[in-house]
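Scroll down for the structure; my scribbles are underneath it.
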Amino acid sequence: MDSSDFHAFLAGRSSVRDFTGEPVAEEDLAFILKCTGAAPSAGNLEAWDVVVVTEEVTREALAGVAFEQEHIRQAPLILAVCSNYVRSMSRYGERGILYALEDATIACTYMMLAARARGLESCWTGAFEDEGVREVLGLPQHLRPVALLAVGKGKEPAQSPPRMAVGEHVHRETW
């Protein structure tokens, strides 16, 4: 893949909230998880965990604690990405909390891109009640849910929204 192909791949990804409901193949899920294992992490501690959710009853419960967002209910696969701060705090102390959040967000980004590589759409969802997700999924206290990644076949192809010019974000040497 050359650099223009790579940019087109990245630019073509967009959040999709309308899924067909067709199940995600086990091979696709395995590919997504394998790719996620290659994500960089602070100190190579991989301070993230994921709960794979496919059961309708669990997706329904997650939608309930995610402010009734329909795509959480509708997507055939939800990847509940969590930071595991105990892993990184063991080496980095208090700073490990931040590193675990960073590890989880990088892992979730790899999941989104791996899903796209398999022809699947996704939607990163951060609007949810932490304690509600913790209860629905039986998460231990040392895990913090960071994202609910909805994955599946989109009813329509992703449409990239207008973006700010990169120069709007870039500052050199100082602000």
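Every condition in (1) touching a helix residue (DSSP H, G or I) at 6+ places or on another chain (Cβ under 8 Å); (2) in contact (Cβ under 8 Å) with a residue 40 or more places away in the chain; (3) farther than 16 Å from V146 by Cβ is met by W48 except one, and the failing one is (3).
Among the residues of the range 116-175, those identified as small (G, A, S) and within 20 Å of G64 (Cα to Cα) are S122, G126, A127, G132, G138, A147, A150, G152.
Would you say A107 is modelled with pLDDT of 95 or more and either part of a helix (DSSP H, G or I) or crowded, with 20+ Cβ neighbours inside 10 Å (or both)? Yes, satisfied. In this structure, does A100 turn out to be in contact (Cβ under 8 Å) with a residue 24 or more places away in the chain, under 15 Å from the mean Cα position of the chain (by Cα) and farther than 23 Å from P23 by Cβ? Judged against the criteria, A100 is a match. Of everything in the range 114-149, what is of a type in the set (A, V, I, L, M) and either crowded, with 22+ Cβ neighbours inside 10 Å or in a strand (DSSP E or B) (or both)? Give them in sequence order. Residues satisfying the conditions are A114, A115, L120, V133, V136, L143, V146, A147, L148, L149. Looking across the range 85-104 at every residue that is open to solvent by 40 Å² or more (accessible area, probe 1.4 Å) and of a type in the set (A, V, I, L, M, F, W, C), the one that is nearest to P145 (Cα to Cα) is identified as L101.
One residue stands out among those in the range 32-84 that are of a type in the set (K, R) and either at pLDDT below 95 or open to solvent by 40 Å² or more (accessible area, probe 1.4 Å) (or both): the one that is nearest to I106 (Cα to Cα), which is K34. Kindly list, by first and then second residue, each pair from a residue in the range 5-26 that is in a loop (DSSP other than H, G, I, E, B) to a residue that is open to solvent by 80 Å² or more (accessible area, probe 1.4 Å) and among the charged types (D, E, K, R), limited to pairs with Cβ atoms under 6 Å and residues at least 6 apart or on different chains. Hits for this filter: D18/K155; T20/K155. Between Y110, Y85, the distinction of being closer than 25 Å to D18 by Cα, in contact with a helix residue (DSSP H, G or I) (Cβ under 6 Å, 6 or more places away or on another chain) and aromatic (F, W, Y) belongs to Y110 only. In the range 58-72, the qualifying residues are those that are without any contact (Cβ under 8 Å) to a residue 24 or more places away in the chain and more than 17 Å from the chain's Cα centre (by Cα), and the one that is farthest from W124 (Cα to Cα) is E60.
Mind listing just one residue for me: the one in the range 132-161 that is charged (D, E, K, R) and touching a residue at least 24 places away in the same chain (Cβ under 8 Å) and, of those, nearest to P23 (Cα to Cα)? Full working, then the answer.
Taking the range 132-161 and keeping what is charged (D, E, K, R), we get 134-135, 144, 153, 155-156.
When the remaining residues are screened for being touching a residue at least 24 places away in the same chain (Cβ under 8 Å), the result is 135, 144, 153, 155-156.
Numbers: E135: 25, R144: 27, K153: 8, K155: 13, E156: 16 Å.
Among them, the one singled out is K153.
The values are calculated or read from the model by the stated rules, or taken from the named source; none is laboratory data. For clarity, every value in this text was computed on a predicted model and none was experimentally measured. Virtual Cβ from ideal backbone geometry, glycine too; neighbours counted across all protein chains shown. To get the accessible areas, we keep the full protein, side chains included, count just its heavy atoms, and leave off ligands, DNA and RNA. Shrake-Rupley method; radii C 1.70, N 1.55, O 1.52, S 1.80 Å.
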